[in-house]
Amino acid sequence: MQADQAWDWEPGARTVLEDATACAAPHEWTEEPESSPDGERLAAVANLGDGRFTVCVNAEPWETDFEKAWYLRFSPDGRLSAVTMEDGMWTVSVDGVSWEESFDFAWGTTFSADGGVIAACIQSDGRYGMIVDGAPWETLHDNANNFRIAADGAHTAAAVQVQSMGQADIETFQKGIFSVAVDGEAWDTTFVNCFDPAIEAKTGRVAATIRRSLYDYSVAVDGKAWDASYDCAWGPVFHPGTGQVLAPVRKKGLWGMAGDAGYVWNPAFIQCHHPLFSADGATLAAIVATSFGKFTVAVNGAPWSATFPVVTDLRVSPDGKTVAAQASNDNAAFRVLVNGSVWPGVYDMAFGPVICPSTGQVAIRVEKGGRKAFVLDGKAHPATFDRAYDPIFSPDGTKVLLRGISGKAYKRIVAPVSAFTG
């Protein structure tokens, strides 16, 4: 996410809230707080006692209270959402205003890239779907999972069950009872399984990995399956320029990357997953294993030399010139990988690299010795926190917004990149 020009980018530290647990309403406790993208607000669910909850923003409660409130999330445009319950029914509340429709359950709030569209997963009378800006899908399904919203917010999708079956009805299952629903309406075709749908912004085309049988994996685009079959496949991606669909696939024990016309990366890996394009489509990266237990990143099919037991959180800059990920040894001793090089720091935890769109520099939130800290291009900022949030670059890339809680104080720091010296 690129920061808004209108934010306060004056370098320096400021205490936004003296007591991060404060709430003007009498309360028994507050839950873990969330920070707004611009760092100006800190929000937390507060238990008011007597089975009532509200949300406090900079210690001021919403005017509304609820039977329950959870999953507090700021959208990229700064609006604050919570999943809330009243009279035993769940919905989404945005800046204290609840959507009119409510359901047996709601969860998994998600946003379009700019935050202008808010969606969530819903269940009503045992049927599942999505709600988008307060409007639920007209058609709900017996089962739904792998929920997605397009980057532009124009469409939503999920893998859905379109045919009912009895317990242990293996024959019906193997004939294919799953499909993909786009804005609630399922494809006409069914498969043994569908998963990892991807939505192309602007066009609304949807691709998903499918199983035509227990052993036949492929990809379907808008309900039409590729002719080719594979031993396994993972989630597809759309080429940002051409619209071509590519997916990691396995054949005869080796993984590569394929489209409907065949391989674009020859099968050479023990594993390949989470592909990611640059904005122009010229760079395609994925997490791969060059041999058993040795994971790294491949860029346009070429793997980096540094390998680790675990590699996660792949990121690609819009121009494709910076590719970053984090690695660990069995979820310990976390490292940061950038363009094939390994940063010298070793951390107790790392939380996913952030790439500056304008400069390609990389910043990350880490934990070491029980304290949260921020590292840019391998160098640490001197400030540390008990709790912290991901760093955000200024639009010109010369400064980084750091947000964190130390003791009880919630602080906002605008740090020039030159302040990272450790």
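The values are calculated or read from the model by the stated rules, or taken from the named source; none is laboratory data. Bear in mind that the values here come from a model prediction, so they are computed numbers and not experimental data. Neighbour counts are summed over all protein chains in view; Cβ atoms, including those assigned to glycine, are modelled from backbone coordinates with ideal geometry.
Listed here are the residues, each with its yes/no results for (1) surrounded by fewer than 17 Cβ atoms within 10 Å (Cβ to Cβ); (2) in a loop (DSSP other than H, G, I, E, B).
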| residue | (1), (2) |
| --- | --- |
| Gly320 | no, yes |
| Asp330 | yes, yes |
| Ala363 | no, no |
| Lys372 | no, no |
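Would you call Tyr389 among the hydroxyl-bearing types (Ser, Thr, Tyr), in contact with a Pro (Cβ under 8 Å, 6 or more places away or on another chain) and modelled with pLDDT of 95 or more? So Tyr389 fails the test. Scanning segment 116-139 for residues being touching a Leu at 6+ places or on another chain (Cβ under 8 Å) and hydroxyl-bearing (Ser, Thr, Tyr) gives a total of 2. If the condition is being part of a strand (DSSP E or B) and more than 16 Å from Ala119 (Cβ to Cβ), then segment 142-176 contributes Asn143, Gln161. Scanning segment 1-21 for residues that are surrounded by 12 or more Cβ atoms within 10 Å (Cβ to Cβ) and among the small types (Gly, Ala, Ser), we see that the one that is modelled with the lowest pLDDT is Ala3. The number of residues in segment 242-269 being in a loop (DSSP other than H, G, I, E, B), free of Cβ contacts under 8 Å to residues at least 24 places away in the same chain and farther than 21 Å from Val316 by Cα comes to 3. I'd like to know if segment 374-381 contains one or more residues that are more than 20 Å from the chain's Cα centre (by Cα), modelled with pLDDT of 95 or more, under 15 Å from Leu276 (Cβ atoms) and surrounded by fewer than 19 Cβ atoms within 10 Å (Cβ to Cβ). No: segment 374-381 contains no residue that is more than 20 Å from the chain's Cα centre (by Cα), modelled with pLDDT of 95 or more, under 15 Å from Leu276 (Cβ atoms) and surrounded by fewer than 19 Cβ atoms within 10 Å (Cβ to Cβ). Consider segment 183-215 and keep the residues that are of a type in the set (A, V, I, L, M) and surrounded by 20 or more Cβ atoms within 10 Å (Cβ to Cβ). The one that is farthest from the chain's Cα centre (by Cα) is Ala186. Taking the conditions exactly as written (closer than 24 Å to Gly184 by Cβ and surrounded by 22 or more Cβ atoms within 10 Å (Cβ to Cβ)), does Val249 satisfy them or not? The answer is no for Val249.
When segment 278-297 is limited to residues that are assigned to a strand (DSSP E or B) and over 15 Å from Asn339 (Cα atoms), the one that is nearest to the chain's Cα centre (by Cα) turns out to be Ala289. Here segment 33-63 is the region considered, the condition is being free of Cβ contacts under 8 Å to residues at least 24 places away in the same chain and part of a loop (DSSP other than H, G, I, E, B), and the residue that is farthest from Ser81 (Cα to Cα) is Asp50. Can you confirm whether segment 310-322 contains a residue that is of a type in the set (Asp, Glu) and under 19 Å from the mean Cα position of the chain (by Cα)? Yes, segment 310-322 has at least one match. Ser179 meets each of the listed conditions (1) touching a Phe, Trp or Tyr at 6+ places or on another chain (Cβ under 7 Å); (2) in a loop (DSSP other than H, G, I, E, B); (3) hydroxyl-bearing (Ser, Thr, Tyr) apart from (2).
All conditions but one from (1) farther than 30 Å from Thr21 by Cβ; (2) assigned to a strand (DSSP E or B) apply to Gly404; the one that does not is (1).
Among the residues making up segment 216-233, a single one is outside any strand (DSSP E or B) and either crowded, with 20+ Cβ neighbours inside 10 Å or out of contact with any strand residue (DSSP E or B) (no Cβ under 9 Å at 6 or more places or on another chain) (or both): Trp226.
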